[in-house]
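Taken together, the values in this text are just the output of simple stated rules run on the coordinates, not laboratory data. Note that the structure is predicted; figures quoted are calculated from it, not measured. When we count neighbours, we look across all protein chains shown, and the Cβ atoms used for this are built from the backbone with ideal geometry, even at glycine.
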Amino acid sequence: MSRSEKPRIDKPLTDPPPIPEASIDSAVEVLRSARLFRYGEDTSAEPHAALLEAEFAAYVGTKYCVALNSGGGSMCVALRATGVEHGTPVLFNAFTLAPVPGSIAHAGGEAVAVEVRDDWLIDLDHLAKRARETGARHLMLSHMRGHITDLERLCEVCDELEVTVIEDCAHTMGARWNGRMTGTFGAVGCFSTQTFKHVNSGEGGLLVTDDDEIAAASILYSGSYSLYEQHGARPPLEVIERLVPTTPNYSLRMSNLAAAILRPQLKELPARAAIWKARYDELAGLLEAVEGVRIPTRDAREDFVPSSIQFSLPSLSGDQILAFMDGCADRGVFLKWFGRAEPLGFTGRREHWQYIRDPEPLPGTSQVLATLLDMRIPLSLTPDDCRIIAAVIRDELEAVRSA
Ligand SMILES: *Cc1c(COP(=O)(O)O)cnc(C)c1O
């Protein structure tokens, strides 16, 4: 068969979820009103940021929500609000992306890396070892690519170690562990509304918590001037006012425009989640049947919202993986590889973040990432597309193995 006759994917696999018409109308209204800043000195404009905070807190099931400029910004604020200061050690699971160690550095902390196991989830024994040897009392736990560890067990271990958990839910909006929303297990949950997450306002972050003091500090760090009363899901004013003199304004607010775009999208999340899950199950089922492809079995308590899929090719060398990826790309299937020498697009690993001073070697994580591939699942994917993608992966894998 000539190259042109081989089945291929012609639609872009990097399409972000579409923006609903209601978001576009709402954005135009905000633009016409010129009220792009979330706070007003009168209440004549629709306070989208405050309304979004109330709606998102209700959706996740927390008392409080603070809208911020980005996921990474909300993680920095969460670390500061839970007591991270200059030089404070902060644990993080090393299968993650640049905004995670970046948020730790932004908050002034020192990142302390924790291994992941070959199911890509955090290694709790290594976590305990690293907490004991560094004295770290904070964990920034990334539910990386939507893979959720046993959060009940993790919280028990962290309680014992007196470690405060902050959940990075950039890949788990709407996802649950054992029936309970991610973002509600730790002291704080942080979400991103950047274009390639589950809802899209270009940039944006949402921080959720049940803790009065953390919520109050987060509102003030976000940059609320003296207009914190206008927040949509906030603790009592006395709690905020007590912290005013000692809390700097970092100006990491969400704009009213971003909030206006997000509110209609929140309503679409359950429908989007159902499509993502169906396509994921389809792809995972097909890929599991391909020789040489490994996908770890996921726990039945994990209810994930998979906007991407990962698989590993444990028997291939780095050069073979590059050849395989080239073959797939020629047929419209664009994959990313966590083992690449240089960070590219949305991949990266510890060695690329040289500002991290922690010298601990991570042989387990390095081995996992060396053969780990990643593909986005656009909402526009059809079941037929899934079959073509699986066929492309199977063919190209065969081609490199027999080369
Ligand atoms: C996207 C992302 C974030 C937050 O990113 P922002 O671009 O700052 O909104 C945090 N953690 C992970 C793992 C991410 O992929």
* **Electrostatic dipole magnitude of the chain [Cβ: Lys, Arg +1; Asp, Glu -1; Cα centre; debye, to 20]** => 620
* Asked: Put a dot 7 Å past each Cα toward the Cβ at residue 288 and residue 226; how far apart are the dots in nm?
  -> 6.1
* Any idea what the relative contact order of the stretch 252-341 is, in percent, if you count C-alpha pairs under 8 Å spaced at least 6 apart? -> 22
* Structure fact -> Listed with the fewest Cβ neighbours within 10 Å leading, 247, 96, 14 appear as 14, 247, 96
* **Per-selection Rg to Rh, the chain - Cα, Kirkwood hydrodynamic radius** => 0.99
* Asked: Can you give the Rg to Rh ratio for the stretch 207-319, taking only C-alpha atoms and Rh from Kirkwood?
  -> 1.20
* Peptides 112-119, 226-233 ordered by average Cβ neighbours within 10 Å, highest first -> 112-119, 226-233
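In deg cm²/dmol and to the nearest 500, what is the mean residue ellipticity at 222 nm of the chain if only DSSP H runs of at least 4 residues count, each as -39500 (n - 2.57), divided by the residue total?
The helix-only estimate for the chain comes to -12500 deg cm²/dmol at 222 nm.
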* Structure fact -> Residues whose modelled amide H sits under 5 Å from the amide H of residue 377, counting only those 5 or more places away in sequence or on another chain, are 308, 309
* For residue 5 and residue 152, calculate 0.36 nm times their separation in residues minus their Cα-Cα distance, and state this gained length in nm to one decimal. => 47.9 nm
* Structure fact -> Any trypsin sites (Lys or Arg not before Pro) in the stretch 369-403 that lie in a DSSP loop and have at most 12 other Cβ atoms within 10 Å would be none
* If the chain between residue 399 and residue 41 were fully stretched, how many nm would it gain, using 0.36 nm times the residue separation less the Cα-Cα distance? -> 122.3 nm
* What residues have an amide H closer than 5 Å to that of residue 253, excluding those fewer than 5 places away on the same chain, when H is modeled at 1.01 Å from N in the peptide plane? -> 69
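Give the order of 352, 198 when sorted by the count of other beta carbons within 10 angstrom, beginning with the fewest. Each step should come with its number before you reach the end.
Numbers: 352 14, 198 25.
If I rank by nearby Cβ atoms, fewest first, I get 352, 198.
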* Structure fact -> From fewest to most C-beta neighbours within 10 Å, the residues 276, 353 line up as 353, 276
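What number of lysine-lysine pairs in the chain show an alpha-carbon separation below 18 angstrom, given a sequence spacing of 8 or more or placement on distinct chains?
5
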* Solution diffusion estimate, µm²/s, Stokes-Einstein, the stretch 321-403, Kirkwood Rh from C-alpha pairs, 10 °C, viscosity 1.306 mPa s -> 109
* Asked: How much FRET efficiency would the formula 1/(1 + (r/R0)^6) give for residue 22 and residue 357, where r is the Cβ-Cβ distance and R0 is 45 Å, rounded to 0.05?
  -> 0.40
* Once the principal axes of the Cα atoms of the stretch 20-63 are found, what is the range along each, listed largest first in whole angstroms? -> 33, 29, 13
* Structure fact -> To the nearest 0.05, the calculated FRET efficiency linking residue 132 and residue 210 through their beta-carbon distance, R0 being 22 Å, is 0.20
* Whole-number percent relative contact order across the chain, with pairs defined as alpha carbons under 8 Å at least 6 apart -> 23
* Asked: Relative contact order for the stretch 193-346 using alpha-carbon pairs under 8 Å, separation at least 6, rounded to a whole percent?
  -> 17
* Asked: Do any chymotrypsin sites (Phe, Trp or Tyr not before Pro) in the stretch 17-68 lie in a loop, going by DSSP, with at most 15 other beta-carbon atoms within 10 Å of their beta carbon, and if so which?
  -> 37
* Asked: Once Lys and Arg get +1 and Asp and Glu get -1 on their Cβ, which of 154, 324, 305 lies farthest toward the positive end of the dipole of the chain?
  -> 324
